[in-house]
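Every number here is computed from the coordinates shown, using simple stated rules; none is lab data. Everything quoted here is computed from the prediction, not taken from an experiment. FYI the Cβ positions are ideal-geometry reconstructions off the backbone, even for glycines, and counts take in every protein chain you see.
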Amino acid sequence: MITIFLIISGIPAIKEIGLTEFLLETEWIPTTGSPKFGIMPFILTSLYGTFGAILLGVPLGILCAVFLTKIAGKRIGGVVSGAVDLMAGIPSVVYGLVGMIVIVPTVREIFGLPDGANLFSAIIVLAVMILPSVISVSETALNAVPKEFEEASLALGATKTETIFKVSVPAAKSGILAAVVLGVGRAIGEAMAVMMVSGNVANMPKIFGSVRFLTTAVASEMSYSSGLHNKALFSIALVLFIFIMAINLMLNIVIKREKK
Amino acid sequence: MKIIKKAMIGAAAMAMLFGISGCGDNNSGQTVSTDGSTSMESVIGFLSEAYQEKTGIKVTYNPTGSGSGIQAVQENRCDIGLSSRDLKDEEKEKLNGTVIAYDGIAVIVNPENPVEDMSVEQIAQIYTGEIDNWQEVGGEDSPIVCIGREAASGTRDGFESVTGTADKCKYAQELTSTGDVIQTVASNPNAIGYASLASVGDSVKTVSVNSVTPSEETILSGDYSVQRGFFLVTSKDRNLSEQAQNFYDFCISNEADDLIRKAGAVPIEK
C-alpha cells in the first residue's frame, strides 16, 4: 500500500523536474519565483550523517555488547542491559531536546564555533540513538557463539581478551553485521531528533555547518508546501524509501548468509 | 460468561457516552478550531480563554505557522486560520483575511550582547551576510549567527519584507516556531533572531531599531518599522459555523482590545 502510494505520488514531480536535476542539483529553493528542486544536499547530508553515526556508534555498541556478554557479571550486566533497553524506548523528541539543550551548546564551546547546531551535533545524537539496537542485536549474536569455541581457545593458552576479540567476535560476525545494518536503517530514517539539532538549512553538508536531512526536509516543509513543492516532497520520501528498502535488502542478505 | 461480560462492558461504555453528552450546559461539545501562526499564541490564548469564560465554548489552537494555518483553512481542516502575514493575491481569491491586531517583530539578541540599537540597514546587512561580526555594529569581536524561521512563517515574511531581504537571507538555522527562536538566541551569545514582540520574554534582549524601542505607541504610530498585522483567515466558499462566527465577531469587537493589549500586541483602531 505505502509503496504504491509513494510511487504514484512521488513520480510526477521527478518527471516534471527531471530525474538528474532532482537528484544532482545542489540548490533547494522551493518557495521563490524561480524555484529550484535539487535534493543533492539532503542526500549527501543523510549519507554523511548516517556514516558518521555508524563510525561513532558501532564500535561503542559492539564493545558495550562484548562487555555485557563476556565480562560483566550477572548483576552489573542486568542493570546495564536494563538501561540499554530503556534507551531504546525513549522517544526521539526527547533525544532531540537533550541534544538541543546539552549537546549543541557544548559543541559550540568545545570547538569554538559561532553556532553549535550542525552536522556534527546531529551525528552525536544519531550515534547515541542507534546504540540500543546495535548493542542488543550484537549481544544476541555474541550469546549465540557456542561455549566450546571459547573454552577451546582458553585451553590453548589464549588470554581472555584474545579469546573475545579473536574467537567470539569473529564467530558472531554476521550477527554484528546485521546490527550495523539495523543501525544504518535507524539513523537514516530519524527525523525529529536531528531536526532539532542540525540547524535545518538546506546547505551542502559541512561537518560544522547547518544542514538539512532527507527526513527533516519532508517533516518540516510538508505542512505548508503546495503545488510542485508538495509533490517534490513526496519524491524525497520516495528516495528515502528506496534507501531504506536497499538497507532492508542488505539486512536480509546478511541474515540469510548467517543461516547458512 | 464471556458474552455477559462483553455486554456489560458495552453497556457501561454506552452509559459513559450518553453521560458525557447528557450533562453540562448546551454549548459543551461545540468547539471552534483555529490553526496557524505561532506568533499569535498569546493573543489567541487570551482571546479564547475570555471567550470560553463568557460563552462556555471551547476554542482550540494548533500552533503550526502562518503558511500551515492558511493551508488548513483552504483544506477545511479548521474553522479559522491564523496568519501573521497578509494573504497573497492568489490566496485572496478563495480566502478573506481580517486584521485583528498589530504586532512588532522584535529583533532579539542574547542578554550578554552589549549591542542596544541597530538601524534597519544594519539588520539587513547582517542577515544578507555583509556584516558578519558583532564588532561592526558596536558589539564584541565575535561572529554573528543569524537565526530565522521556516520559509512559510509570517514573522519571516514580515521581517524580510520590512528589511528588504526577501530570499536573500543567509540563515545559520531555520527553526519552526517562535519559541524555538527565542530559546536558541537565549542559549547562544553570538545569535541574532527575530520573534513576535508579544512572545518575547526576559530570556533575550530586544534591541531598538533606528533608535525606536518597540512599544504600543511606536508600533501604532508606525515609528517602529518592523511590524506586521495578525490576521484571522476564513474561507470565502463556506460559512462559519455559528459559534465560530461568534468567536470571530468577538475578536474584532471592542471587548477584545484589552485582551490583545494584555497579550502584548496592539489592537487596531476602530
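Annotations
- By the beta-carbon count within 10 Å of each Cβ, the least crowded to most crowded order of B:Tyr51, B:Tyr194, fewest first, is B:Tyr51, B:Tyr194.
- Point-charge dipole on Cβ atoms (K/R +1, D/E -1) for chain A, about Cα centre, debye to 20: 560
- If only the Cβ of Lys and Arg carry +1 and only the Cβ of Asp and Glu carry -1, the dipole of the protein assembly as shown around its Cα centre is close to 3220 debye.
- The Cβ shell under 14 Å around A:Cys64 holds other residues with a net charge of -1, Lys and Arg each +1, Asp and Glu each -1.
- Take each residue of peptide B:170-179, count the partner chain Cβ atoms within 10 Å of its Cβ, and average: the result is 5.
- In this structure, the pairs whose alpha-carbon distance is over 32 Å, taken from A:Lys147/A:Lys256; A:Lys36/B:Lys262; A:Lys206/B:Lys94; B:Lys94/B:Lys168; B:Lys168/B:Lys205; A:Lys160/A:Lys206, are A:Lys36/B:Lys262; A:Lys206/B:Lys94; A:Lys160/A:Lys206.
- Taking the Cα centre of segment B:152-270 as reference, the dipole from Cβ charges on Lys and Arg (+1) and Asp and Glu (-1) amounts to some 340 debye.
- Of the two radii for the protein assembly as shown, the radius of gyration is 1.05 times the Kirkwood radius, both from the alpha carbons; that is the Rg over Rh value.
- Using the Cβ of A:Ser133 as centre and a radius below 14 Å, the other residues enclosed give a net charge of -2, where K and R count +1 and D and E count -1.
- Look at the alpha carbon pairs under 8 Å that are at least 6 residues apart: their mean separation over the length of segment A:2-259 gives a relative contact order of 28 percent.
- Nearest-ten-degree value, helix A:173-189 long axis tilted from longest Cα axis of chain A: 30
- In chain B, helical runs assigned H by DSSP with n ≥ 4 each contribute -39500 (n - 2.57); averaged across all residues and rounded to the nearest 500, the mean residue ellipticity at 222 nm is -11500 deg cm²/dmol.
- Within-13-Å neighbourhood charge of B:Gln125 [Cβ basis; K, R +1; D, E -1]: -2
- A Gaussian network model of chain B, with springs between Cα atoms under 10 Å, assigns the largest mean-square fluctuation among B:Gly138, B:Gly104, B:Gly67 to B:Gly138.
- Acute angle (nearest 10 degrees) that the helix B:2-22 long axis makes with the longest principal axis of chain B, alpha-carbon atoms: 60
- Aspartates and glutamates with Cα under 19 Å of B:Lys236, excluding same-chain neighbours fewer than 8 positions away: B:Asp35, B:Glu75, B:Asp79, B:Asp86, B:Asp89, B:Glu90, B:Glu91, B:Glu93, B:Asp249
- Fewest neighbouring Cβ atoms within 10 Å first, the residues B:Ile80, A:Ile110 line up as A:Ile110, B:Ile80.
- Exercise: per-residue mean of other protein chain Cβ atoms within 10 Å, A:200-206: 3
- Sorted by Cβ density within 10 Å, fewest first, the residues B:Lys92, B:Lys58, B:Lys205: B:Lys92, B:Lys58, B:Lys205
- Helix axis angle, B:178-187 relative to chain B longest principal axis, alpha carbon, degrees: 50
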